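The values are calculated or read from the model by the stated rules, or taken from the named source; none is laboratory data. Note that the structure is a prediction, hence the values are computed from the model and not measured. A quick note on method: Cβ atoms are made from the backbone with ideal geometry, for glycine too, and the neighbour counts reach across all protein chains shown. Areas reflect the complete protein model, heavy atoms only, side chains present, ligands, DNA and RNA absent. Shrake-Rupley method; radii C 1.70, N 1.55, O 1.52, S 1.80 Å.
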Amino acid sequence: MGRAFEYRRAAKEKRWDKMSKLFPKLGKMITLAAKEGGSDPEMNAKLRTAIATAKMQNMPKDNIDAAIKRASGKDGAVISEINYEAKASHGALLFIECATDNPTRTVANIKSYLNKHNGQLLQNGSLEFMFSRKAVFEIPTANIAIPLDELELALIDYGLDSLENEGENVFVYGDYVDFGRLTEGLESLQIVPSKASLQRIPNQPATYTAEQLEDIEKLLDKIEDDDDVQAVYTNIA
């Protein structure tokens, strides 16, 4: 598939591993889920999944409980969700999702990273039609006890858009508003995802050379190292 593809895949795996093990980011994900849908995991599928993700990374129960309490604003600073849209070198598009208790600090940091790596901050709404927001579930094939055609048929009633088999993992996609329904559908089948999230999928993915990707990845690494950044989505194929 070429050097650029291998470089991109390795970079994505490196960044996910780096980010998913950071308890502060996981804690903010739990806080935002509880703030959005309530603090009871039984009644909030997004919170239930966020807690499961944190537990898979061995996040202590005390940290999880504290993150849920922060959703009410009674335990420290209030966390807000803020998104930024930007352009990196070589025309790559970035959608940056943040969770912060200090928006002034966060936007100053984002601008600094962009300025140092030939990027620029765009007006919010500029990329509205460049990305589609999707519910995405990554499931180890070993966790699926039924044929994939049966799984696909069963999940259609829960909002399934598509199902993709990539060997060791199966990816389930649905509209972002169906995140809770798809979570419940997988639970009814006793299927446990290794990752579940709301992602922004590029509508027109762009291809870059390995050299261009190296430039872009330097910026992505700086942005994703920031404690306030939860996720960065790009239009890279």
Query raised in the report: Looking at the stretch 54-66, which of its residues are assigned to a helix (DSSP H, G or I) and either within 18 Å of the chain's Cα centre (by Cα) or over 10 Å from residue 23 (Cβ atoms) (or both)?
Result: 54, 55, 56, 61, 62, 65, 66
Query raised in the report: Of (1) closer than 26 Å to residue 190 by Cα; (2) aliphatic (A, V, I, L, M); (3) at pLDDT 95 or above, residue 122 satisfies all except one. Which?
Result: (1)
Report summary line: Across the stretch 181-210, the tally of residues that are surrounded by fewer than 20 Cβ atoms within 10 Å (Cβ to Cβ) and in contact with a Lys or Arg (Cβ under 9 Å, 6 or more places away or on another chain) stands at 6
Requested in this report: Could you list, in sequence order, all residues of the stretch 33-57 that are touching a Lys or Arg at 6+ places or on another chain (Cβ under 9 Å), open to solvent by 60 Å² or more (accessible area, probe 1.4 Å) and free of Cβ contacts under 8 Å to residues at least 40 places away in the same chain?
Outcome: 36, 39, 42, 55
Query - Residues of the stretch 102-133 that turn out to be closer than 30 Å to residue 193 by Cα and either open to solvent by 50 Å² or more (accessible area, probe 1.4 Å) or assigned to a loop (DSSP other than H, G, I, E, B) (or both), as a count - result: 5
Query raised in the report: Within the group 214, 164, which residue is open to solvent by 60 Å² or more (accessible area, probe 1.4 Å), modelled with pLDDT under 95 and either at negative phi or not in a helix (DSSP H, G or I) (or both)?
Result: 214
